[in-house]
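**Q** I have a structure I would like to understand better, so I am pasting it below and will then ask my questions one at a time.
The values are calculated or read from the model by the stated rules, or taken from the named source; none is laboratory data. Worth saying up front: this structure is predicted, and the values here are computed from it rather than measured. Because the Cβ atoms are built from the backbone with ideal geometry, glycine has one as well, and the counts that use them run over all protein chains shown.
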């Protein structure tokens, strides 16, 4: 099943895994919530790379949710991955130290309830605008020369 617009296996690997590998050290240890997980990147990839993460994948679409459940089962990361059929605004579980999303046009403010105080939102692809209480920080270009940028938004509040 190809859940990307990439035409070759090489393009899919570069798109789904390349930038996540470059950002592997950015999530804080602990809970990570991936919003709109769709094809499993970045959330499932982070789960496979980092044993110190408790990953929750949020995906509202039935076919993609079913794909993620099976992919997480087959991949067998060190820690179980929770795959929840829900949008970000329908998730009422505990917040996370790190929230990730890829190419979703969501105002960062809508994610605030998902992020622990002092946590961060990692946005792969796209360019989020800084909104209170978030501060957007340009991390840099992809190491393979890809023009996409990582963006990080830290939640500086300590409450």
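**Q** For residue 80, only one of the following conditions fails: (1) farther than 29 Å from residue 11 by Cβ; (2) touching a residue at least 12 places away in the same chain (Cβ under 8 Å); (3) out of contact with any helix residue (DSSP H, G or I) (no Cβ under 7 Å at 6 or more places or on another chain). What is its number?
**A** Of (1) farther than 29 Å from residue 11 by Cβ; (2) touching a residue at least 12 places away in the same chain (Cβ under 8 Å); (3) out of contact with any helix residue (DSSP H, G or I) (no Cβ under 7 Å at 6 or more places or on another chain), only one is false for residue 80: (2).
**Q** Please give the number of the condition residue 5 fails out of (1) over 13 Å from the mean Cα position of the chain (by Cα); (2) at pLDDT 75 or above; (3) farther than 21 Å from residue 94 by Cα; (4) not in a helix (DSSP H, G or I).
**A** Failing condition for residue 5: (2).
**Q** One residue is enough: does segment 45-68 have a residue meeting the conditions touching a strand residue (DSSP E or B) at 6+ places or on another chain (Cβ under 6 Å), buried (at least 16 other Cβ atoms within 10 Å of the Cβ) and farther than 22 Å from residue 28 by Cβ?
**A** yes
**Q** Return the residues of segment 70-82 that are more than 13 Å from residue 32 (Cβ to Cβ) and crowded, with 17+ Cβ neighbours inside 10 Å; say none if nothing qualifies.
**A** 71, 72
**Q** May I pose another question? Give me the residue from segment 78-109 that is out of contact with any strand residue (DSSP E or B) (no Cβ under 9 Å at 6 or more places or on another chain) and either more than 14 Å from residue 57 (Cα to Cα) or part of a loop (DSSP other than H, G, I, E, B) (or both) and, out of that set, modelled with the highest pLDDT.
**A** Within segment 78-109, the first condition is being out of contact with any strand residue (DSSP E or B) (no Cβ under 9 Å at 6 or more places or on another chain), and the residues that meet it are 78, 89, 92, 105, 107, 109.
Filter once more, keeping what is either more than 14 Å from residue 57 (Cα to Cα) or part of a loop (DSSP other than H, G, I, E, B) (or both): 78, 92, 105, 107, 109.
On the way: 78: 83, 92: 94, 105: 74, 107: 78, 109: 79.
Here the residue is 92.
**Q** Does residue 127 satisfy the condition of being modelled with pLDDT of 80 or more, surrounded by fewer than 17 Cβ atoms within 10 Å (Cβ to Cβ) and on the phi < 0 side of the Ramachandran plot?
**A** Answer is no for this residue.
**Q** Still on this structure, I have one more. With the condition kept exactly as written, say whether any residue in segment 45-68 is closer than 24 Å to residue 118 by Cβ, over 10 Å from the mean Cα position of the chain (by Cα) and free of Cβ contacts under 8 Å to residues at least 12 places away in the same chain.
**A** No; the residues of segment 45-68 include none that is closer than 24 Å to residue 118 by Cβ, over 10 Å from the mean Cα position of the chain (by Cα) and free of Cβ contacts under 8 Å to residues at least 12 places away in the same chain.
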